[in-house]
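Visitor: Sharing a structure with you now.
Bear in mind that the values in this text are calculations on the coordinates, not laboratory data. Source: prediction; values computed, not measured. We place every Cβ from the backbone using ideal geometry, glycine too, and count neighbours over all the protein chains shown.
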Amino acid sequence: MHEVIISEKPKSAEKIAKALSSKAQKKKYGRKISYWEFEEDGKRTTVLSAVGHLYSLTSATSRDRLGFDLKWVPAYEVEKNSGYVRDYVYAIKKLSKDADKFVHACDYDVEGTLIGYNALKYACGNNAEAKASRMKFSTLTKKDIVEAYNHMIDIDLHQVDSGIARHMLDYYFGMNISSALMKAVRSSSSSRISLSAGRVQTPTLSILVDREKEIQSFIPEPYWQIKAKSDFDIIANHVEDKIFDEERAKRIFDECQGADATVTNVNVKETIRKPPIPFNLGGLQSEAHTVFGFSPKRTQVAAQNLYVGGYTSYPRTSSQKLPESLGFKEIFAGLLKDEEFRKHIADLPAKLKPNEGKKEDAAHPAIHPTGVLPSNLSPDEEKIYRLIVYRFISVFSEDSKLETMKVDLNVNNEEFVFTRKRVSHEGWLKHYPFKKQEADEFPPLKKGDFLKIHEIISEEKETKPPARYNEASLIKELEKRELGTKATRADIIAKLYDRKYIDGKKIEVKPLGVHIIDTLKQYCKNLTSEELTREFERELDCLSADKITKEEILANGEKEVRSILKDINNNQKEIGSKLYESYQESNVVGECSCGGKLLKKYSRRNKQTFIGCSNFPQCRNTYSLPKGANILKSTCPTCGLPMISIKRKGQKGREHVCLDPNCGKEVSKRRAPEVVGKCPECGRDLLKRSGRFGEFVGCSGFPQCRFSCQLKDLDKILLEKSEELSK
DNA sequence: GCAAGGTC
């Protein structure tokens, strides 16, 4: 009897094997793939693992991967960067060959069910998916695993169908519409540009476009703030804060001139600040963005590496909870071996109770250190690791206390106010070095005191448009709207940058991004909003309730996409030319000396980005971009070309220089070439030059006169020529 | 080349 258990990822395979038998042995298939095996009561059990989805959809009929007739193929055949999947598929194929019992032990959700189902169906084969039993667990603790193993259920075919339908619908809409947009551009300009649209990326872009339009159409309103300066570095604000009436501002300003202040009230109060809550992926990404300026993707990569190394827990979790079963004592015992951490852990209360957040996750707890101390971390991993450890420690720490002083002043019957804040009890703040602590001085004031006013200031300001999103705040917005999943949000945003729809840390939408949304709003409105996701959800719920079949859902989807494609194709030329125009506009970086526009271009031949002119081929001005250079918005004061920021080797920080590396250098400074004689053919100067094959001599009349020779041969040639002439 | 979803 041979039983094969298939889990979703290598880490779960290990946990499942160890929970089911103390005799479980780690084995290797090839050099890279681990699996687990044990034998009890004459039954051999092999615990294998997938690595997420092993199979991907592709077109069953067309070579260009388009259409509606789809099939599942091994992911490594159609997706780049999926090469590592190959060995896992082979391992499952090989090691399950003689199995007579199959167990599906992937995460208990729609995607997990499909991952295991496809592994059984396509890798194990022989109808394994129909014979298999299903383990249902919510955490990978020994108790849950054993319980699930002892009470196995059938595979939920509704979950399987939901998963398949979701994958297919995303393919229908995403692949076909993206391709139609690119085809439209090709039809009008014969240019190839990468364009894409999808159920998640398009609404995400749409959120950014809406914000962009709000900012563009914002009309700032002037207002005034009146401030009073006094001893103890006090700057008190007039209680009305923003005064929109200029007359009134002026009146207050005038009336306060020369007057002193009376303290009418002093209020000091203490507030409690609870420790922070444990990190889920979004929380970690947001904090790393604030503290280190890391993009969510960068944080995710570092956290994944820490997890694979065994130093921190599974990162793709939405949980903000730390169950006691994790064994806090053991984790801290591990961390104690680090001198720096020990100082902080020593302070913790005897009873370890974490301050938790509200969010939960069926499969994983919040992100936490495992207690295994790392070595050889990259700088990014080191930063993220310390952040996770200190957050973990502070979650268990005491409350901190903040003292706030609020002082009311009366200046010639106008009321002013100022506040000061200081931490009165450090508590958890002592263990969380990433948060700035308030430490204002409290001036010794009491009710009835007089204060000399040194100056009254009136500041004219303007109301500001809503702030731009950054990557972290956008991820939060996507979480709120339930767009994408915790594992994909960072990738989706990275994709929008890749496509050149958006730009900058404070996200700006480029003309191409705005235009993609304009086009799609016209031809398939529900793709630009969350409506498509909600429509999928509604239909998949109906599928689970047996109110609709998978085939019906897919037929509806196909009908909808086909009608969109027809509309796009009927207006192909117009859509294409408009998109291409905005694409070019998106690449304008400045003005060329010929009056044309300088564009960012890509040379296929050199595989490099460079700057060229929109008047090419009439204007052949080009500038190369040094590696890692960023084009800035500012222009060079000398020549008007855009400035770029570059990083020089061995230098700290970045340097801002003109796009033209010869800008400002006078011709004479470029070392005028040396005159070495007169041209024997035209009588003009001969100049010493250096070329690919060493020094040579050329005529200054080039290209009208093309005389040239090697420097060492010059004397001989001149002699020959003069002899020829004298003959 | 184009999606979104798992994962190393």
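Visitor: Net charge around A:Leu352, counting only other residues with Cβ within less than 10 Å of its Cβ (Lys, Arg = +1; Asp, Glu = -1)?
Guide: Cβ neighbours under 10 Å give a net charge of +2.
Visitor: Just want the ordering: A:Leu157, A:Leu348, from fewest to most Cβ atoms lying within 10 Å of their own Cβ.
Guide: A:Leu157, A:Leu348
Visitor: A:Arg684 to A:Leu373: extension gain in nm, 0.36 nm per residue of separation minus the Cα-Cα distance?
Guide: Gain on extension, A:Arg684 to A:Leu373, equals 104.4 nm.
Visitor: Can you list the residues, at least 5 places off or on another chain, whose amide H is less than 5 Å from the amide H of A:Arg684, using H built in the peptide plane?
Guide: A:Cys679
Visitor: Under 15 Å from the Cβ of A:His515, count the other residues' Cβ atoms, weight Lys and Arg +1, Asp and Glu -1, and hand me the total.
Guide: -2
Visitor: Quote the charge dipole size of segment A:589-666 about the Cα centre in Debye, to the nearest 20; the model charges only the Cβ of Lys and Arg (+1) and of Asp and Glu (-1).
Guide: Taking the Cα centre of segment A:589-666 as origin, the dipole is about 540 debye.
Visitor: Could you work out Rg/(2.2 N^0.38 Å) for chain A, with Rg from alpha carbons only?
Guide: So the Cα radius of gyration is 1.28 times the expected 2.2 N^0.38 Å.
Visitor: If you bin every alpha carbon distance in segment A:447-594 into 5 Å steps from zero, what whole percent lands in each bin?
Guide: Answer for segment A:447-594: a P(r) of 2, 7, 10, 12, 14, 14, 11, 8, 5, 4, 3, 3, 3, 2, 1, 1, 0 percent.
Visitor: FRET efficiency for A:Ser187 and A:Lys566, Cβ-Cβ distance as r, R0 = 25 Å, nearest 0.05?
Guide: The computed FRET efficiency comes out at 0.95.
Visitor: Still on this model: Given Cβ point charges of +1 (Lys, Arg) and -1 (Asp, Glu) and nothing else, what value in debye, to the nearest 20, does the dipole of segment A:463-564 about its Cα centre take?
Guide: Computed charge dipole of segment A:463-564: roughly 640 debye.
Visitor: Place a +1 charge on the Cβ of each Lys and Arg in chain A and a -1 charge on the Cβ of each Asp and Glu, then give the dipole magnitude about the Cα centre in debye, rounded to the nearest 20.
Guide: In debye, rounded to 20, chain A gives about 3020.
Visitor: Here's something else I'd like to know. Pull out the extension gain between A:Lys716 and A:Ser133, defined as 0.36 nm times the separation in residues minus the alpha carbon to alpha carbon distance; nm, one decimal.
Guide: Extra length available between A:Lys716 and A:Ser133 comes to 200.6 nm.
Visitor: For chain A, with the dipole built from +1 on Lys and Arg beta-carbon atoms and -1 on Asp and Glu ones, taken about the Cα centre, which of A:Ala346, A:Val301, A:Pro369 lies farthest toward the positive end?
Guide: Result: A:Val301.
Visitor: With viscosity set to 1.002 mPa s and temperature to 20 °C, compute the Stokes-Einstein D of segment A:35-168, Rh being the Kirkwood radius across alpha carbon pairs; µm²/s, no decimals.
Guide: Result for D is 135 µm²/s.
Visitor: Further question: Work through the residues other than A:Lys43 whose Cβ is under 9 Å from its Cβ and net out their charges, Lys, Arg +1 and Asp, Glu -1.
Guide: -2
Visitor: For A:Lys27, what residues show an amide H to amide H distance below 5 Å, using hydrogens built from the backbone and excluding near sequence neighbours?
Guide: For A:Lys27, the qualifying residues are A:Tyr35, A:Trp36, A:Glu37.
Visitor: Over all distinct Cα pairs, what is the inverse of the mean 1/r for segment A:281-398, reported as the Kirkwood hydrodynamic radius in Å?
Guide: Evaluated over segment A:281-398, this radius sits at 14.4 Å.
Visitor: Beyond 17 Å, what percent of the Cα pairs of segment A:248-308 remain?
Guide: The answer is 67 percent, as a whole percent.
Visitor: If you don't mind, there's one more thing I want to ask. Rounded to whole Å, give me the distance from the Cα center of segment A:149-217 to that of segment A:1-42.
Guide: 37 Å
Visitor: In whole Å, largest first, what are the principal axis extents of the Cα atoms in segment A:1-87?
Guide: For segment A:1-87, the Cα spread along each principal axis is 51, 25, 19 Å.
Visitor: Of A:Leu483, A:Ser424, A:Ile5, which is farthest on the positive side of the dipole of chain A, counting Cα position, with +1 on Lys and Arg Cβ, -1 on Asp and Glu Cβ, and the Cα centre as origin?
Guide: Towards the positive end, the residue furthest out is A:Ile5.
Visitor: While we're here: Label A:Thr622 and A:Gln608 with points 7 Å out from Cα along Cα→Cβ: what is the distance between them in nm?
Guide: Reported label-point gap for A:Thr622 and A:Gln608 is 0.9 nm.
Visitor: I've got another one for you. Using only the C-alpha atoms of segment A:589-666, find the volume of their convex hull and express it per residue in Å³.
Guide: It is 108 Å³ per residue.
Visitor: Compute the Rg to Rh ratio over segment A:360-485 from the alpha carbon atoms, using the Kirkwood formula for Rh, and round to two decimal places.
Guide: 1.12
Visitor: Could you give each residue of segment A:291-299 its phi-based ³J(HN,Hα) in whole Hz, using Karplus coefficients 6.51, -1.76, 1.60 with θ = phi - 60°, and x for Gly or Pro?
Guide: 7, 10, x, 6, 6, x, 5, 4, 5
Visitor: If I take R0 = 30 Å and measure r between the Cβ atoms of A:Asp254 and A:Glu441 in this structure, what FRET efficiency does the formula 1/(1 + (r/R0)^6) give, to the nearest 0.05?
Guide: 0.45
Visitor: How long are the semi-axes of the equivalent ellipsoid of segment A:540-605, taking √(5λ) for every eigenvalue λ of the Cα gyration tensor, in whole Å from largest down?
Guide: They are 46, 15, 10 Å, listed from largest to smallest.
Visitor: Continuing with this model, one more query. Which of A:Met1, A:Met168, A:Met135 has the fewest other C-beta atoms within 10 Å, and how do the rest follow up to the most?
Guide: Ascending Cβ contact count within 10 Å gives the list A:Met1, A:Met168, A:Met135.
Visitor: What relative contact order, as a whole-number percentage, does chain A give when Cα pairs under 8 Å and 6 or more residues apart are counted?
Guide: Reported as a whole number, the value is 12 percent.
Visitor: Using a Förster radius of 30 Å, what is the FRET efficiency between A:Asp546 and A:Lys358 based on their Cβ-Cβ separation? Nearest 0.05, please.
Guide: E between A:Asp546 and A:Lys358, to the nearest 0.05, is 0.35.
Visitor: Can you find, among A:Gln608, A:Ser162, A:Val514, the residue sitting farthest towards the positive end of the charge dipole of chain A, where Lys and Arg contribute +1 and Asp and Glu -1 at Cβ?
Guide: Positive-most Cα among the choices belongs to A:Gln608.
Visitor: Contour minus end-to-end for A:Lys43 and A:Lys521, with contour as 0.36 nm per residue of separation and end-to-end as the Cα-Cα distance?
Guide: Taking A:Lys43 through A:Lys521 to full extension adds about 166.1 nm, to one decimal.
Visitor: For the residues A:Ile153, A:Ile453, A:Ile16, what sequence is obtained by ranking on other C-beta atoms within 10 Å, fewest first?
Guide: Lowest count first: A:Ile153, A:Ile453, A:Ile16.
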